[in-house]
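The structure appears right after this line, and notes come after that.
The values are calculated or read from the model by the stated rules, or taken from the named source; none is laboratory data. Here the structure is a predicted model, which is why all the values come from computation and not from measurement. Cβ coordinates were reconstructed from backbone atoms using ideal geometry, including for glycine residues, and neighbour counts include every protein chain displayed. Surface accessibility is based on the protein's heavy atoms, side chains included, excluding ligands, DNA and RNA. Shrake-Rupley method; radii C 1.70, N 1.55, O 1.52, S 1.80 Å.
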Amino acid sequence: MTNAWERIQIILEKSLKSGVFQLWIKPLQGAFDPDQKALKLQAPNEFVASWVRERLQNMILEAGQDVLGFTPGLKITASREGEAIAPLGASEQAPVKEIRRHLPLQSNIQVVSRFRYSFQDFVVGPSNELAFVASRSFCREQVSSDQLFLCSSTGLGKTHLVQSMGNNLANGSNRQTLRIAYLTAEEFACQLIQAIKSKQVERFKARYRDQIDILMLEDIHFFQGKEKIQTEFLSTINSLQGQGKKVVLSSTFLPKELNDLDSNLVSRLCRGFMAVIDKPDLGTRQEILRQKASSLQLDLPQEVSHLLAERIQTDIRQLESCLSNLVIKARLLKERITKQMALEVLKNYELKEQSLDLEDIIQSVCRVFDLPREKVCSKSRKKQHVQARNLAFFLARKYTEHSLKEIGRRFNRRHSTVLKGVANVEKEVNTDSPLGRQLKDAASRVIPN
């Protein structure tokens, strides 16, 4: 088992975003203790150790289960200030040299290689036409603004458009290498915090202000309530645009909904062109299914296409996932796709939008989590209460027309707390974390089929 940690790292590298892996997993030293059946990890400092414990512990344990065949114990410690990190299990008397750990920043940012999407495979309909045209025109410099802000609920295509822009700009440039930085707001914040800890802030600033031509930043609502990070981000986009460079931003929320952002930053976000992506109509959903089926070399029966498009209305990711699962099931069973088979697969997904009000959602969440209403609506920070409350925020935002402020008032919470709860649920669900899977299961029981 001497190479257990190395094999676990390989799994984590495939499942985590590149920036997260490089920043938080790669610096860890690790070894498996067969006597205690425990994985022991050592971080370069307590900040990294604490971050890994809070955010990545479950993913590490899942990878450990895959490698070892059982779930190991896990101990994450930090090396002492200024002390080199020796391999775990090494002799205490072994001399060690001081190692200066640096922020893993490239000296030059190359074209991002993980743009999965292009404009060619984006299905345009009434709900997203403006966002599509704005994105394509932005690449062709047919709009006067050097900043584009895309907003939509999760799963409606904003990431597809952002990556399509990156793809188009990179391939259409007459420069040998167009320097594009594409990352999430959380990754930007984590890199800045690590730069502060390692006293390399100037290097961080140089990277994002001088060494890139285009900044593409997703989920900027993550900056809510983080004043120092907001200040740095505002200075960064001011610097970039002062040099005539482009900025592309995305969020689940419009700038006016982000109350815990500095007013100067909100004003800056509103300065560029803003486009909102709404829920697609039936025709658009059917065309998405047709193109997806074509890419899978599948002749999808019309009645099945209509059934899927009619039942799954609020999330394109779910629609495509449902079709993929239907295809896999048919091929595994060596059967043709039928309406009955589609109905069986649909049982695993959120179906068409329900006519629910906020009170229905609160009552259903209380029932699913087996909690009294006063606990869900209280100020309790117990894990189960927070998860139930956040799921209620998320479902209320998705299935009702209530504003964040109105939802917060029903729970005796501020607008910003509701926003943070919605963002946390979206993040867990989108990354398919263990908690995300639990929340998806809970949501499927809250929203009746």
Within region 292-339, restricting attention to residues that are part of a loop (DSSP other than H, G, I, E, B) and under 21 Å from residue 127 (Cβ atoms), which residue is most open to solvent (accessible area, probe 1.4 Å)? 313
Inside region 115-144, can you point out the residues that are open to solvent by less than 30 Å² (accessible area, probe 1.4 Å), in a loop (DSSP other than H, G, I, E, B) and closer than 20 Å to residue 272 by Cα? 128
Filtering region 404-449 down to residues that are among the basic types (Lys, Arg) and closer than 30 Å to residue 345 by Cα, which residue is nearest to the chain's Cα centre (by Cα)? 427
Going through region 15-72 in order, the residues found to be crowded, with 17+ Cβ neighbours inside 10 Å, within 23 Å of residue 188 (Cβ to Cβ) and among the small types (Gly, Ala, Ser) are 19, 43, 49
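Every residue, every condition in (1) out of contact with any strand residue (DSSP E or B) (no Cβ under 6 Å at 6 or more places or on another chain); (2) surrounded by fewer than 20 Cβ atoms within 10 Å (Cβ to Cβ); (3) of a type in the set (Asp, Glu); (4) within 24 Å of residue 267 (Cα to Cα), yes or no:
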| site | (1), (2), (3), (4) |
| --- | --- |
| 153 | yes, yes, no, yes |
| 162 | no, no, no, yes |
| 227 | yes, yes, yes, yes |
| 230 | yes, no, no, yes |
